[in-house]
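The values are calculated or read from the model by the stated rules, or taken from the named source; none is laboratory data. What you see is a predicted model; the values in this text were computed from it and never measured. Note: ideal-geometry Cβ built from the backbone for every residue, glycine included; neighbour counts use all protein chains shown.
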Amino acid sequence: MYQAKKNTIYGNCSVLSPEGILMFKCNEKKMNWYLNRNLATIVNNNPPTIQLNFIPNGLGNHNKSYGLGKMENICVNCGTPHQLTRHHIVPFCYRKYFPMDLKSHNFHDVLPMCIPCHNNYEREADNLKQEIAKKYNSPINGVVIEDKILYSYFKMVITLLRKDIIIPKHRVKEMRNNIKQYFNIKRLTTARLKKLSEIEFRKLISTHGEVVINQIEDIQEFIEMWRKHFIKNNECKFLPENWSINTK
């Protein structure tokens, strides 16, 4: 389940270069970050507009058709302004393993959705994840290795803690000696057994997203696949202006 954001998704504060070129839009918090550090000055209060006092490394979204116009804080699917959440079209479990130049430019693929619409779509997104997991032989819970020797001692510990079975005394003594020797324990109390029962004998070596992205040859194609899936499984009557499946 998703929780609505306290703040609006889009801030619609304009940021200008020293030459007066519209670079990008940001929220009020980001705008104040520039102002509080004397990195920008206010040039308009309505709509909120600031101008940078330094020469930036680039011009942000300038010359891009998406993201420089007014962005509506409404659900892109049904149009409600209530209970909005941020929906990441490409799930974070994949995007976190993108190359840095793609990972840091995800503004295009973060859209506002209300909680009901978001929850409904996530069921479809989970189905696509399952298909991807099968295609790339990547379990949703990640690739896990198991320490078989440690697991054998774990089973001994669990057996000794059970009260619903009767174990021959010689077998109990044998298991206790094996456990003490393996874990280098002199005195094996019930409390120590309970502690040992919490040992983790499975280790995650690769996440689902990591395994998938390592096999993807064309990440842009992978991104567009998720965008197409999002459009197919939602009505999307209120997408921001100039939003496109093919945007890079």
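Restricting the search to the range 186-221, which residues are of a type in the set (Asp, Glu) and either crowded, with 16+ Cβ neighbours inside 10 Å or part of a loop (DSSP other than H, G, I, E, B) (or both)?
198, 200, 210, 217, 218
Would the range 132-149 turn up any residue that is within 30 Å of residue 66 (Cα to Cα) and either touching a residue at least 24 places away in the same chain (Cβ under 8 Å) or surrounded by fewer than 12 Cβ atoms within 10 Å (Cβ to Cβ) (or both)? Steps first, please.
Start the filter on the range 132-149 by keeping residues that are within 30 Å of residue 66 (Cα to Cα), which leaves 132.
Among the residues that remain, those that are also either touching a residue at least 24 places away in the same chain (Cβ under 8 Å) or surrounded by fewer than 12 Cβ atoms within 10 Å (Cβ to Cβ) (or both) are: 132.
Yes, the conditions are met somewhere in the range 132-149.
Look through 74, 89 and report the one residue that is touching a residue at least 12 places away in the same chain (Cβ under 8 Å), in contact with a Phe, Trp or Tyr (Cβ under 6 Å, 6 or more places away or on another chain) and more than 30 Å from residue 213 (Cα to Cα).
Numbers: 89 fails: more than 30 Å from residue 213 (Cα to Cα).
Only one candidate qualifies: 74.
Which condition number does residue 93 fail, the rest of (1) surrounded by fewer than 18 Cβ atoms within 10 Å (Cβ to Cβ); (2) touching a helix residue (DSSP H, G or I) at 6+ places or on another chain (Cβ under 8 Å); (3) over 14 Å from residue 226 (Cβ atoms) being met?
Answer for residue 93: the failing condition is (3).
Before we move on, is residue 155 more than 18 Å from the chain's Cα centre (by Cα), over 30 Å from residue 247 (Cβ atoms) and at pLDDT below 90? Please lay out each step first, then the result.
On the way: more than 18 Å from the chain's Cα centre (by Cα): yes; over 30 Å from residue 247 (Cβ atoms): yes; at pLDDT below 90: no.
When the stated conditions are applied, residue 155 does not pass them.
Taking the range 46-69 as the search range and keeping residues that are modelled with pLDDT of 90 or more and polar (S, T, N, Q), which one is surrounded by the fewest Cβ atoms within 10 Å (Cβ to Cβ)?
Per the stated criteria, the residue is 53.
For residues in the range 16-28 being closer than 10 Å to residue 59 by Cα and not polar (S, T, N, Q), which is farthest from the chain's Cα centre (by Cα)?
21
Sort out which residues of the range 93-118 are without any contact (Cβ under 8 Å) to a residue 12 or more places away in the chain and of a type outside the set (D, E, K, R), and write them in order of number.
Residues satisfying the conditions are 100, 104, 105.
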